[in-house]
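Here is the structure we will look at, set down as structure tokens.
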């Protein structure tokens, strides 16, 4: 199938969900690379501030007419849209399916019809693998998710693979670790670090699920965004790439980095142990050597530096 020719003009890149926590960072990187960037988001006005020249379109990408119009102006597409988190998916698995799967499959249909040059699908490295058989996890690790969120994410991945074979749609899938950093919403059911920091400022105990909590691969949001752009630039169609640091940190390790900052600012760190959650995998750490080999990508923000940046962003926020 013939794909769009982008010679003699800037590449037009459309970002679905480009005003969200990760998406806003991706949008800024794409705009900074000289691309012509358009963002599609559900809000009437985006919360994020974009560089000059970035266009924002308000609309629901599950609306086929809106999606077609959006894709007609695109060479490349980055899809970060998703309407649930692991906790809410467990509470209402039917909603997780109906609010994400039809829209995701429709996007693949319309992207194939629009002859998109490349589509990067942002999946989840933290949920699609399920309980790890070994750490760090490579892309060929078995995928046995234990949450509805992970099952639906993986299902969309499988549809992406089908469209790649059936229609030649050039799709690259990325599986990021646990993103954190400045601007992440707290108490959303996702984002331990943001919730921990805001709990401390509220002088509330930080909740840890289970006796020792979970072990995760925490990746600063700027590194997640640069990994997504690296996959867009250098990833091979039909391939899957992890985006992680390869470093394992427990909830208690994270709090150990935050505690000195809290103490210096006059805050006390307290914890409370909550019942374990069935949809939480005990440990998830990602091997990103495949992305590094194809693109040269590496995480740049060391964890202590990232934690300090996240802490300072809340400390300096008058509306916290």
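Coordinate-derived values only; no laboratory data. No experiment lies behind these values; they were computed from the predicted model shown. When we count neighbours, we look across all protein chains shown, and the Cβ atoms used for this are built from the backbone with ideal geometry, even at glycine.
Side notes on the structure shown:
- Ratio of the Cα radius of gyration of the chain to 2.2 N^0.38 Å, where N counts its residues: 0.98
- Placing dummy labels 7 Å off each Cα toward the beta-carbon, the span from residue 58 to residue 209 is 3.4 nm.
- Estimated 222 nm signal from helices in the chain, with DSSP H stretches of n ≥ 4 weighted -39500 (n - 2.57), rounded to 500: -12500 deg cm²/dmol
- A full extension of the chain between residue 202 and residue 312 corresponds to an added length of 38.1 nm, given 0.36 nm per residue minus the alpha carbon distance.
- Per-pair calculated FRET efficiency, R0 = 22 Å: residue 43 and residue 66 via Cβ, rounded to 0.05: 0.95
- Highest to lowest packing among 263-276, 222-235, scored as the average C-beta count within 10 Å: 222-235, 263-276
- Note on residue 101 and residue 9: their simple-model spin labels are 3.8 nm apart, each label 7 Å out from Cα toward Cβ.
- Computed extension gain for residue 259 through residue 83, at 0.36 nm per residue and net of the alpha carbon distance, reaches 60.1 nm.
- On the basis of the beta-carbon distance and an R0 of 30 Å, residue 273 and residue 131 show a calculated FRET efficiency of 0.90.
- Mean silhouette area of the stretch 109-180, derived from the convex hull of its C-alpha atoms and averaged over all directions, reads 5.6 nm².
- With a simple spin-label model that places each label point 7 Å from the Cα along the Cα-to-Cβ direction, the separation between residue 33 and residue 234 comes to 1.1 nm.
- Extension gain, residue 250 to residue 289: 0.36 nm times the residue separation minus the Cα-Cα distance gives 11.8 nm.
- Rounded to 5, the percent of DSSP beta bridges in the chain classed as antiparallel: 5
- Rounded to two decimals, the Cα-based Rg/Rh of the stretch 39-89, with Kirkwood Rh, is 0.99.
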